[in-house]
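This report concerns only the one structure given below.
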Amino acid sequence: MNVAGRPPGYDAADEGTPAVLRVDQNKTLHGTGAGQVALDPAFVAKHTLTDRQAQCASLLIAGVHPSDLAVELGIAPSTAEKHIAALREKVGAPDTLSLCAMMASRRTSEQEIAFGCWNPVLSPEAEVGDRSKLAGQLQTASTINAQLRHLRNYLSPYGVRHIYYAFVPLSVRGFLANDVWDCFEAPPALQESFFAAGGLAAQPMALSLFNAPSEIASMTFTEENALPEHARPFATACRAYDVAAAVAFGFPSGGGFTGFALTLGDKDGIAPIKRHADEIRSAGMLVHGAAITGGTLAAMADLTIRERDALSALARGLETSAAAEEMKLSIRAFGKLTASARRKLKAKTTASAIYKASALNALVFL
C-alpha cells in the first residue's frame, strides 16, 4: 500500500529497512544527478499537470536549479520558462523561488535515502576512522574526488599521498585501447605529468594487474634510469612532490576492471601495504561500490536525462522508431540524442554506448 507522503512503490512493511526503494519506471518520470525522484500521481492529478510540467516539478524536488531544467530535459530555455510559469500558476506559487521551496518541501526522508540526494561532502581532513566510518563518509560524498580523499585519509597510516582510480568497462581490451574512466586525486601538476606520460596504459604496473588481479604491483621512482623512458618525466614530477614509490591493485567488477594506484612518500612503505593487502583492497572495493551505487561514477559520463532515457529505451529492447515515439520525439531528434550519448561515452556504436552506460550505472544515475 502507499502511505501518505511516501513515494510510489514504498510499502509500510519496509519501515526501517535501509534498502534502496524501487518505483515503476512510468511513475519515475526522470532521474537526476542526485538519483531518481518520483512525483506523487495525486499531486499531478490535483493540479492537472502536463507531462512536461510534472517532469519540471520532479526535477525541482530533486534540487535541480530552474536554470538547468532546459538542459536536463533537452528543451529550449524559453520553453522551460513557459513550463515553469505554468507550473507556478497551477500550484499557486507567487514566484520561482517560492516554487522551488514548495517542491523541495515535498522531498521525503525516504527519498533522501533511496535516491541519494546527497548531504554536503565531508571535509577532506576528516578524522581517520575505521572501515565503518569510511563507508559512511563514502555514502555522503558527491564526487569521486571526495571519495578518494576519504580513502586517502583512511590509508594515511601507510603514508599514502595521492590516489588514482580507474574503471575499465571492457577489461583488458578496453585497457589496451586506453578506454578508461579515471580520476587522480593529486596536485594538478602531478596529474598533468601522469596523463602526458600516457596515463594508465603507459604505466609498467598496470597490465600486470590483469594478469594477477590478486597481487599488489609496485615500483619506485628513486632509480629513474630503471624506468621506461616515457615514464621518467612522471617519476621526476613525483619526486618533486616527495613521492618515492607507488603501489597498485585491482579487481574485476562486472564486465570491467577497477584499479587503484597509491603514491607513497617512502619506498619502505611498500612492504606494510603488501602485508595488509586484504584490508587495503577491501577499502578500495568500498570506494568503487559507493561510486557505482551512489552515481558518482555515472556522473563522469555527464549524460543528460534525455540522453539517458534514449539509451534506456533501446536497452529495454525497443526499436529506434518505438523508442522515439515513446519519448515523443522525431526519429531525427532521437538520433541526435544517441549520437551525443555516444560522444560522451567515447563509444563508436550505440550498442557500445548502451553497454558502457550500463557498466557505469548511468542508466540509473546521471
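The values are calculated or read from the model by the stated rules, or taken from the named source; none is laboratory data. All figures in this text were calculated on a predicted structure; none of them were measured in a lab. Please note: Cβ atoms are built from the backbone with ideal geometry, for glycine as well, and neighbour counts cover all protein chains shown. Protein only, heavy atoms only, side chains kept; ligands, DNA and RNA dropped before computing areas. Shrake-Rupley method; radii C 1.70, N 1.55, O 1.52, S 1.80 Å.
Each peptide in 98-106, 139-147, 60-68 gets a packing score, the mean of other Cβ atoms within 10 Å over its residues, and the list from highest to lowest is 139-147, 60-68, 98-106. Dividing the C-alpha radius of gyration of segment 306-366 by 2.2 N^0.38 Å, with N its residue count, gives 0.98.
Placing +1 on each Lys and Arg Cβ and -1 on each Asp and Glu Cβ, with no other charges, gives segment 257-325 a dipole about its Cα centre of roughly 240 debye. When each of the peptides 289-295, 187-193, 50-56 is scored by how many other beta carbons lie within 10 Å of its residues on average, the order from highest to lowest is 289-295, 50-56, 187-193. Note that segment 94-101 has calculated 3J(HN,Hα) couplings of x, 8, 5, 4, 5, 4, 4, 5 Hz, one per residue in order, obtained from phi through the Karplus relation 6.51 cos²θ - 1.76 cosθ + 1.60 (θ = phi - 60°); glycine and proline are x.
Pairs with C-alpha atoms separated by more than 29 Å, drawn from the list 90/356; 328/356; 82/328; 90/336, are 90/356; 90/336. When we measure straight from the Cα of residue 274, which lysines land under 16 angstrom away, once same-chain ones fewer than 8 places off are left out? Residue 274 reaches no qualifying lysines.
Here the Karplus curve 6.51 cos²θ - 1.76 cosθ + 1.60, taken at θ = phi - 60°, turns the phi angles of segment 286-302 into couplings of 4, 4, 5, x, 5, 5, 6, 7, x, x, 6, 5, 4, 4, 5, 6, 6 Hz, with x standing for Gly and Pro. With a Förster radius of 22 Å, plug the Cβ-Cβ distance of residue 133 and residue 278 into 1/(1 + (r/R0)^6) and report the FRET value to the nearest 0.05. That gives a FRET efficiency of 0.70.
Going by accessible surface with a 1.4 Å probe and the largest first, 346, 133 read 346, 133. Can you tell which of 293, 340, 317 lies farthest toward the positive end of the dipole of segment 230-353, using +1 and -1 charges on the Cβ of basic and acidic side chains (Lys, Arg; Asp, Glu)? So the residue we want is 340.
Rounded to a whole number, what % of the accessible area of segment 238-280 do carbon and sulfur atoms account for, probe 1.4 Å? Carbon plus sulfur share of accessible area: 50 percent. Could you grab the relative contact order for segment 302-358? Cα pairs under 8 Å, six or more apart, rounded to a whole percent. Reported as a whole number, the value is 36 percent.
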